[in-house]
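All remarks here apply to the structure that follows.
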Amino acid sequence: MTQHLDNPYYVEDERDVPKWTQKDEKLKHINSGSRIAFRTNISVRTLDCLKVIAKERKIRLNHLIEIGLKNMLAKSELSITLQTRPNDRIQYKTTYDKDLLTEVKKFAKENNLFINDVIEHSIHFID
């Protein structure tokens, strides 16, 4: 779709928290939220189970994972034993809360784990 006017197509974003701004005659998106994109590998079977739970609860899949992560990190004593890793992992990209993801990375580093292992283990802590 084209615009056949002398005025530019951009209209000043007057929302309380603007999403767009014009800089150097280009339209730029403003990321003002506390969400950050993150890519990891997760088991297909785990994702399928989570999709069913998310559909039942009418909640997004990444928010369901965040609930499990928060509950898991809240436990004072936690041990993760990784005897077997799933062979059906696929790439999964979504957004997470920035602070929560930082805590998960710190937890994984302290326990010599991979983040995808922590995420898969957190599934058991979804209430």
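The values are calculated or read from the model by the stated rules, or taken from the named source; none is laboratory data. Being a predicted model, the structure only gives us computed values, none of them experimental. With ideal geometry, Cβ positions are generated from the backbone for all residues, glycine too; neighbour counts draw on all protein chains shown. Just so you know, the surface numbers come from the protein's heavy atoms only, side chains and all, with ligands and any DNA or RNA stripped out. Shrake-Rupley method; radii C 1.70, N 1.55, O 1.52, S 1.80 Å.
With respect to residue 70, determine if the residue is more than 19 Å from residue 125 (Cα to Cα) and either at pLDDT 90 or above or open to solvent by 40 Å² or more (accessible area, probe 1.4 Å) (or both).
no
State which residue pairs qualify: first residue under 26 Å from residue 98 (Cβ atoms) and inside the range 38-60, second residue aromatic (Phe, Trp, Tyr) in any location, beta carbons under 8 Å apart, and separation of 6 or more residues or different chains.
Here the result reads 38/96; 39/92; 40/92; 41/92; 42/92; 47/92, each pair linking the range 38-60 to a residue that is aromatic (Phe, Trp, Tyr).
State which residue is nearest to the chain's Cα centre (by Cα) when the search covers only the range 82-127 and only residues that are closer than 15 Å to residue 39 by Cα and of a type in the set (Phe, Trp, Tyr).
Out of the qualifying residues, it is 96.
Quick one: which of 60, 39, 35 is out of contact with any His (no Cβ under 6 Å at 6 or more places or on another chain), surrounded by 12 or more Cβ atoms within 10 Å (Cβ to Cβ) and at pLDDT 90 or above?
On the way: 39 fails: surrounded by 12 or more Cβ atoms within 10 Å (Cβ to Cβ); 35 fails: at pLDDT 90 or above.
The unique qualifying residue is 60.
Do we find that residue 92 is in contact with a Phe, Trp or Tyr (Cβ under 7 Å, 6 or more places away or on another chain), open to solvent by less than 70 Å² (accessible area, probe 1.4 Å) and either assigned to a loop (DSSP other than H, G, I, E, B) or aromatic (Phe, Trp, Tyr) (or both) in this structure?
No: the conditions fail for residue 92.
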